[in-house]
Structure formats: structure tokens, C-alpha cells
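**Student:** Following this message is one structure expressed as C-alpha cells.
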Amino acid sequence: QKIVMSKPNILYLSIEDNMKPTLTWLKRRLVLKHNSELATIIEKHPTLLGYSIETNLAPTLDFYSKALGNEKRAIAMLKHDPIMFSYSLEKRLKPRLKQAKELEWDINEGTFGKITRYTELRWNITMGNNL
């Protein structure tokens, strides 16, 4: 009920075409052993149910895995903070990762906290960009 109240658009998703494949993918790819783990992830970020596996979930997991150099670390990060699936690869994640690498930052979970959460203004200040 809490999820439906906060994200009523979920009611418009097809169980067979959207929800079931997404839940199956999340459980398999994030190595979730119990349905309670899956429920926790959906409670944290219910709009995941409407995300495309092919154009969002899989490419985003691959991006974090490659950037961290370790899929297990990427999976742990996404399980802890599934909203990290919601950021645009092309508009936010890739450009900011490139900037962080140019400044020789250690690429780790903390770096992705900054890459994903910093506003454009805070990111530019952190990067030393002139506004």
C-alpha cells in the first residue's frame, strides 16, 4: 500500500510485460537469495518496476561493474542504494566518471555517491570548474 500511495503510476505497469521480468532480472543479477531482499529494494526505489532491462538496468549494472572493476562491489552498492539505477548514463554518470578519472580520483563507492548525488553546482565546484 505504501508503494502504491507514493508511486501510483506503478498500477499502470503490466505484470507480465514489466513487473515480472524486472523482478526476475533483479533477483538473478543482484543475487538476491530471499524475496525479502527484493522487497526491500523495491520499497527503497519502487519505480525500478518500470525500468527497461535492456536500456536501463543491464547497462547501468555493467557501467558500475566496469567502473569499479568488480561486479560484486557494484551489486552490493546497488543493493544498498538502488536509486543509483535511476541516473542517466549519458548525461550524468559517464561524463562525471570521466572528469573524476581526469582528476585521478580513486573510483570507489564513495566516488559514486558524489557522482550521483551532487547537484550540478556542487559537482562543478568540486571539480574546480568555472561557472
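**Student:** Could you check how many residues of region 80-104 are charged (D, E, K, R), loosely packed, with under 14 Cβ neighbours inside 10 Å and not in a helix (DSSP H, G or I)?
**Tutor:** Looking only at that region, the number is 1.
**Student:** Are any of the residues in region 47-59 in a helix (DSSP H, G or I) and in contact with an Asp or Glu (Cβ under 8 Å, 6 or more places away or on another chain)?
**Tutor:** Of all residues in region 47-59, those in a helix (DSSP H, G or I) come to 47-50, 53-59.
Restricting the remaining residues to those that are in contact with an Asp or Glu (Cβ under 8 Å, 6 or more places away or on another chain) gives none.
The answer is no, given that none of the residues of region 47-59 is in a helix (DSSP H, G or I) and in contact with an Asp or Glu (Cβ under 8 Å, 6 or more places away or on another chain).
**Student:** Taking the condition of being under 17 Å from GLY69 (Cβ atoms), part of a helix (DSSP H, G or I) and open to solvent by 30 Å² or more (accessible area, probe 1.4 Å), how many residues in region 105-121 meet it?
**Tutor:** So the count comes out to 2.
**Student:** Give the residues of region 16-46 that are open to solvent by 40 Å² or more (accessible area, probe 1.4 Å) and outside any helix (DSSP H, G or I), sorted by residue number.
**Tutor:** Selection gives VAL31, LYS33, HIS34.
The values are calculated or read from the model by the stated rules, or taken from the named source; none is laboratory data. Just so it is clear, the structure is predicted and the values come from calculations on it, not from any experiment. When we count neighbours, we look across all protein chains shown, and the Cβ atoms used for this are built from the backbone with ideal geometry, even at glycine. The area values use the complete protein model at the heavy-atom level, side chains included, leaving out ligands, DNA and RNA. Shrake-Rupley method; radii C 1.70, N 1.55, O 1.52, S 1.80 Å.
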